[in-house]
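The values are calculated or read from the model by the stated rules, or taken from the named source; none is laboratory data. As the structure is a prediction and not an experimental result, all values here were calculated from the model. We place every Cβ from the backbone using ideal geometry, glycine too, and count neighbours over all the protein chains shown. The protein model used for the area step is the full one, side chains on, heavy atoms only, and it has no ligands, DNA or RNA in it. Shrake-Rupley method; radii C 1.70, N 1.55, O 1.52, S 1.80 Å.
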Amino acid sequence: MQNKSIFEKIKRHHNIMKRFSILILTCFVGLLSAMFTSCDKEANDPVFDNKELVGKPEFVLTLKDSTYFRNNIVAYLGSNNHLTIRVERLGKAQIKGQTGLDDLIIELATFSKATFPFTQDGKNKNVSDYLLNFTNNLPEVYSTINTKSPNNARAGVFTLSDINNYVNVISGSFDFTLQPNATNTKNTEPIRVSGYFTDIPFVREGMDGSKEYMYMFVDSDLMTNVKLSAMDIVPAIPIGGLNVDTPVGGADTEKKIKVNAQGNTYTKFNLDIIFPDNIELKTKHAKGYEVKYVSRYGEKYDNSPANLLDGSYLRIDRKENKVVNGKNVQEIAGRFEFHLKNNLGTAESQISQGEFVVYKPIK
């Protein structure tokens, strides 16, 4: 009986060790699988999706002894990197129960975390205007630019204290003095404007105010005035030794989308991003797409295995069918970071903070 008891203890111990070994092996295999999967694509990034990571938008403005609280203010960032904030329905209402008719417009020449001065000569291109009774054809005007006696004195400052490029919101404060225009007849005394804003959204715009845009830095230089286009293609087909992207039309192959961006300033460049039509959305992809970049110096870069550096990814956030200006289009929005070597292996280029919205025609 004693020998049998010892045998049962040994058997139980063996079974426990066996189950433990299987558990360890399962965990190890799962870890390896996760590691290999992460090499191809990363899981959804909650920072891009979770609007709760920032507070509710708030804009507080004190002007002419009145304080206004707004939660619907939106800033607009143009392709020239100018930021515009417009606050409407200010001032006293002409009819009881209605809002005022005055507008305050703030424009900054650049977009960065900094304190921007308003000068009375307006030469730094940061300016604020206050339009009284804006519905009239000839409203009386105030401005940080002093039209009566322009000089180099400061009219005040505007501070961008935080820029959140993940969910596109900004925070900051301002304090400046507006001078009456020389043509004003009723409003002739200076006005002080002050306030602050927290987590107000900013919307990027393309050339001529279009909702299509591409925002990116190439080796620390912001690319401005970018022209965009998008089209359906089939994968590159070798013709006479060359790979040619061919528009879709009867080819029995996987459809892809090509987004092309071209710079038309001194920072001339050409960028092609090619990705599958069925790409998984809201996921950072390290593989499964193509990048072709030609710098203003004619250097050619791509994301072939020999040229692709760590940190590169493409993320398509949205693909929605819309009607824009009477045409059926698919709106495609995405983000990217591309760290590449040129085809000669002699230089590297970083295309960073990439963000775009483009309209692809639907046939």
What pairs come out if I take residues in region 136-152 that are over 15 Å from Leu104 (Cα atoms) and assigned to a strand (DSSP E or B) and pair them with residues that are open to solvent by less than 60 Å² (accessible area, probe 1.4 Å) and at pLDDT below 80 whose C-beta lies under 9 Å away, six or more apart or interchain? none
Within region 133-154, tally of residues that are of a type in the set (Val, Ile, Thr) and either farther than 14 Å from Leu178 by Cβ or modelled with pLDDT under 85 (or both): 2
Residue by residue through region 342-362, note down the ones that are free of Cβ contacts under 8 Å to residues at least 60 places away in the same chain and open to solvent by 40 Å² or more (accessible area, probe 1.4 Å). Asn343, Leu344, Gly345, Thr346, Glu348, Ile362
What residue, among those in region 64-87 that are basic (Lys, Arg) and at pLDDT 90 or above, is most open to solvent (accessible area, probe 1.4 Å)? Arg86
If we keep only residues of region 287-302 that are touching a Leu at 6+ places or on another chain (Cβ under 9 Å) and not in a loop (DSSP other than H, G, I, E, B), then the residue surrounded by the most Cβ atoms within 10 Å (Cβ to Cβ) is Tyr301
Just to be sure before I move on: is Gly206 modelled with pLDDT under 85 and open to solvent by 30 Å² or more (accessible area, probe 1.4 Å) in the structure I sent? no
Among (1) modelled with pLDDT of 90 or more; (2) in contact with a strand residue (DSSP E or B) (Cβ under 7 Å, 6 or more places away or on another chain); (3) among the small types (Gly, Ala, Ser), the one test that Ala251 misses: (1)
Got a number for residues in region 111-126 being crowded, with 18+ Cβ neighbours inside 10 Å and over 10 Å from Phe158 (Cβ atoms)? 3
What number of residues within region 305-319 satisfy the criterion of being in a loop (DSSP other than H, G, I, E, B) and either free of Cβ contacts under 8 Å to residues at least 12 places away in the same chain or closer than 19 Å to Ser229 by Cα (or both)? 1
Can you pull out the residues in region 109-128 that are touching a Ser or Thr at 6+ places or on another chain (Cβ under 8 Å) and within 16 Å of Ala75 (Cβ to Cβ)? Lys113, Ala114, Phe116, Asn126, Val127, Ser128
Scope region 165-202; condition within 18 Å of Lys113 (Cα to Cα), at pLDDT 90 or above and of a type in the set (S, T, N, Q); matching residues: Ser171, Ser173, Thr198
Subset tally (residues that are open to solvent by 50 Å² or more (accessible area, probe 1.4 Å) and assigned to a strand (DSSP E or B)) for region 320-341: 7
Kindly list, by first and then second residue, each pair from a residue in region 214-230 that is within 11 Å of Ser349 (Cβ to Cβ) and open to solvent by 50 Å² or more (accessible area, probe 1.4 Å) to a residue that is not hydrophobic (A, V, I, L, M, F, W, C) and not in a strand (DSSP E or B), limited to pairs with Cβ atoms under 8 Å and residues at least 6 apart or on different chains. Asp221/Thr267
Please indicate, with yes or no, whether at least one residue in region 162-172 is buried (at least 19 other Cβ atoms within 10 Å of the Cβ) and either within 30 Å of Ser295 (Cβ to Cβ) or without any contact (Cβ under 8 Å) to a residue 40 or more places away in the chain (or both). yes
If the requirement is being within 30 Å of Val226 (Cα to Cα) and crowded, with 16+ Cβ neighbours inside 10 Å, which of these qualifies: Leu108, Leu61, Leu90? Leu108
Can you tell me how many residues within region 159-215 are within 30 Å of Asn225 (Cβ to Cβ), β-branched (Val, Ile, Thr) and assigned to a strand (DSSP E or B)? 6
